[in-house]
Amino acid sequence: MRPAHLFPILAASLLISACGPSKTASVTPSNDFPTVAHEGKTAIVAHRGYWNCAAAGFAQNSLASLHEAQTKGFWGSECDVHLTSDDIAVVHHDDMIRRRGIHTNTRDSFSPYRLKNGEPLPTLEEYLARAKESGNTVLVIELKPHENAAREDRLVEITLKALREQGLYLPERIAFISFSKHICDVIARECPGFTNQYLNGDLSPEQLAADGINGLDYEQSVIYGDPSIVARAHALGMSVNVWTVDGAKDLQFFIGLGVDAITTNEPMLLRELLDNKELKN
């Protein structure tokens, strides 16, 4: 049985199926995180904010790449959030910047640092402000593991505060993912109704569901090794994402498997393979 909060999503998806997406329609991202109720459509999540950054000319996790992802109408855009030693949430993929740990240095100590497109290291507040500007693309927030549970608790606290202040504390606009089981447990407790996906791949859907975690986002090798994960998660009412999938063969495999979303560096290729049938409202 699906949780009660999924029924509005089911009703919306049935309406989509009844209308039938047009091959020439413009792509509009959905307001709802896809679940088994989305009738087999697969949503596109732009990895690190956009696509293959070297080829596309966009710096990963930059304000410019986020804006471009939203302009292109991808369903979701993923970003990575760390906490500096002075409790500033910043958006950056790697734990280190020029051989210095983000978690053990202050925000100001990175002020000379620039992303490849010349932007300074963005704070989460700056990233959220940009996310508000461009439509309804879902921001998939990866909360990075920290040194201990106390620092992870602080990261969640500051992130939720920023979302509320920016008017983005909305289940239809925000999805949480993390490699930290502790962070997922905190989100399950503090943010009921929000998509909350565990990334690590070492726990079964049944174990996650028992702890109140309503989704998983596993590396493609994990699901290749056990494709039954998708059906088992769906049977529990959980959403299933897979990361990071590039190349037509792998993308086609996961489309056929019925995953709810694919995180990819090749979102335009995925859109082409989906024949413009990405989940949309």
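Coordinate-derived values only; no laboratory data. Please read all numbers here as calculations on a predicted model, not as lab measurements. All Cβ positions, even for glycine, are placed from backbone atoms using ideal geometry, and neighbour counts span all protein chains on display.
Remarks
- Estimated vicinal HN-Hα couplings, Hz - the stretch 205-221 in sequence order (Karplus 6.51, -1.76, 1.60; Gly, Pro = x): x, 5, 5, 5, 4, 5, 9, x, 8, 9, x, 9, 9, 9, 4, 4, 5
- Members of LYS132/LYS277; LYS41/LYS132; LYS41/LYS249; LYS41/LYS181; LYS249/LYS277 lying beyond 20 Å, as alpha-carbon distances in this model show: LYS132/LYS277; LYS41/LYS132; LYS41/LYS181
- Distance between modelled label sites at ARG154 and LEU257, nm, 7 Å Cα→Cβ extension: 3.8
- Added length on full extension, which subtracts the Cα-Cα distance from 0.36 nm per residue, ARG189 to ALA235: 14.4 nm
- Between GLU206 and LYS161, the contour length at 0.36 nm per residue exceeds the alpha carbon distance by 13.1 nm.
- With Cα atoms defining each centre, the stretch 187-221 and the stretch 106-131 are spaced 29 Å apart in the structure.
- Amide H to amide H distances under 5 Å link GLN197 with PHE176, ILE177, SER178, where only residues 5 or more positions off or on other chains count and H is placed in the peptide plane.
- For the stretch 176-183, 3J(HN,Hα) computed residue by residue from phi via the Karplus equation (6.51, -1.76, 1.60; θ = phi - 60°) reads 9, 9, 6, 7, 8, 5, 4, 4 Hz, glycine and proline entered as x.
- Summarising the amide proton neighbourhood of ILE97: residues at separation of 5 or more, or on other chains, whose placed amide H is nearer than 5 Å comprise ILE102.
- Highest mean first, the peptides 210-218, 109-117, 60-68, 90-98 sorted by other C-beta atoms within 10 Å per residue fall in the order 60-68, 210-218, 90-98, 109-117.
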